[in-house]
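Accompanying notes for the structure given below.
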Amino acid sequence: EAGVTQFPSHSVIEKGQTVTLRCDPISGHDNLYWYRRVMGKEIKFLLHFVKESKQDESGMPNNRFLAERTGGTYSTLKVQPAELEDSGVYFCASSQVEVAQYFGPGTRLTVT
Amino acid sequence: QKEVEQDPGPLSVPEGAIVSLNCTYSNSAFQYFMWYRQYSRKGPELLMYTYSSGNKEDGRFTAQVDKSSKYISLFIRDSQPSDSATYLCAMSRMNTGFQKLVFGTGTRLLVSP
């Protein structure tokens, strides 16, 4: 069974540009989560989808971040315009039953 | 104050040692407690989770939760060099609408041959 996949693995963009991260959850997992780890800090929750609906977006830092989940399958996280403080590793996780969340390898975002 | 506190380490032990990793937390509403292992440049890998207080064992790994003290532990028996990684504790209320995980910063473990 394929795990959670994320694309790209690494992205380097300039301040003010737009970046879109993609996550493909484990097949059949209705729950999809985005998390972020900035340098030296703990991994922090961004938002949670149940199928295509946003269940909890309390961790989204501001309106420069937009997450979507098309048809309840893959999800994208767009940052527009990117700022220096957005640099970090963005993780996606999915789960079938809520407790066991399985993480992808992450996308390392560097904003210069 | 952080909701979850975890010593960042590094914790260095010789092969075969028993390792004890710990986290403390402040939110008494947490009910589910997880341990993840993360190798360098990889995503967190779920090792095990427990509900409420008590112990859970899986092979060389044992997780303990003491809700009265707001303290959780992960023990690794007969540690191996392949156990060298960062260990993250995470916890959640897991009620509907509150399924997000709250993580500690992670403890880096180094097991020397």
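The values are calculated or read from the model by the stated rules, or taken from the named source; none is laboratory data. Being a predicted model, the structure only gives us computed values, none of them experimental. Heads up, the Cβs are rebuilt from the backbone with ideal geometry, glycines too, and the neighbour counts pull from every protein chain shown.
Please verify whether the stretch A:103-110 includes one or more residues that are over 10 Å from the mean Cα position of the chain (by Cα), in contact (Cβ under 8 Å) with a residue 60 or more places away in the chain, within 17 Å of A:S27 (Cα to Cα) and surrounded by 15 or more Cβ atoms within 10 Å (Cβ to Cβ). Yes, some residue in the stretch A:103-110 is over 10 Å from the mean Cα position of the chain (by Cα), in contact (Cβ under 8 Å) with a residue 60 or more places away in the chain, within 17 Å of A:S27 (Cα to Cα) and surrounded by 15 or more Cβ atoms within 10 Å (Cβ to Cβ).
Taken across the stretch B:93-101, residues that are assigned to a strand (DSSP E or B) and at pLDDT 95 or above do not occur at all. Filtering A:E68, A:E57 for residues that are over 17 Å from A:P8 (Cβ atoms) and modelled with pLDDT of 95 or more leaves a single hit, A:E68.
Counting residues in the stretch A:2-24 that are charged (D, E, K, R) and modelled with pLDDT under 95 gives zero. Of all the residues in the stretch B:31-48, those that are within 18 Å of B:L109 (Cα to Cα) and either outside any strand (DSSP E or B) or among the acidic types (D, E) (or both) number 7. A residue that is buried (at least 19 other Cβ atoms within 10 Å of the Cβ), within 12 Å of chain B (Cβ to nearest Cβ) and under 14 Å from the mean Cα position of the chain (by Cα) cannot be found anywhere in the stretch A:58-77.
Let's see how each residue does on (1) touching a Phe, Trp or Tyr at 6+ places or on another chain (Cβ under 7 Å); (2) more than 23 Å from A:L32 (Cβ to Cβ); (3) more than 10 Å from chain A (Cβ to nearest Cβ); (4) free of Cβ contacts under 8 Å to residues at least 12 places away in the same chain:
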residue	(1), (2), (3), (4)
B:M48	yes, no, no, no
B:G54	no, yes, yes, yes
B:E57	no, yes, yes, yes
B:R60	no, yes, yes, no
B:K67	no, yes, yes, no
B:S84	no, yes, yes, no
B:M91	yes, no, yes, no
B:F103	no, no, no, no
B:V111	no, yes, yes, no
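Of the residues that sit in the stretch A:71-96 and are touching a residue at least 60 places away in the same chain (Cβ under 8 Å) and not in a strand (DSSP E or B), which one is farthest from A:L21 (Cα to Cα)? Checking each candidate, the answer is A:Q96. Take A:V99 and tell me if it is within 14 Å of another protein chain (Cβ to nearest Cβ) and over 14 Å from the mean Cα position of the chain (by Cα). Criteria met by A:V99.
Of everything in the stretch B:3-25 that is over 14 Å from the mean Cα position of the chain (by Cα) and in a loop (DSSP other than H, G, I, E, B), the residue that is nearest to the other protein chains (Cβ to nearest Cβ) is B:E3. Contact list please: Cβ distance under 6 Å, first residue in the stretch A:29-52 and within 11 Å of chain B (Cβ to nearest Cβ), second residue of a type in the set (D, E), pairs at least six apart or on different chains. Between residues of the stretch A:29-52 that are within 11 Å of chain B (Cβ to nearest Cβ) and residues that are of a type in the set (D, E), the close pairs are A:L47/A:E57; A:H48/A:D56; A:V50/A:D30.
Suppose the filter is assigned to a loop (DSSP other than H, G, I, E, B) and either surrounded by 15 or more Cβ atoms within 10 Å (Cβ to Cβ) or away from chain A (no Cβ under 14 Å) (or both); does B:S28 pass it? So B:S28 fits the description; yes. Scanning for something farther than 21 Å from B:M91 by Cβ, surrounded by fewer than 17 Cβ atoms within 10 Å (Cβ to Cβ) and not hydrophobic (A, V, I, L, M, F, W, C), does the stretch A:41-50 turn up at least one residue? So far as the stretch A:41-50 goes, no, none of its residues is farther than 21 Å from B:M91 by Cβ, surrounded by fewer than 17 Cβ atoms within 10 Å (Cβ to Cβ) and not hydrophobic (A, V, I, L, M, F, W, C).
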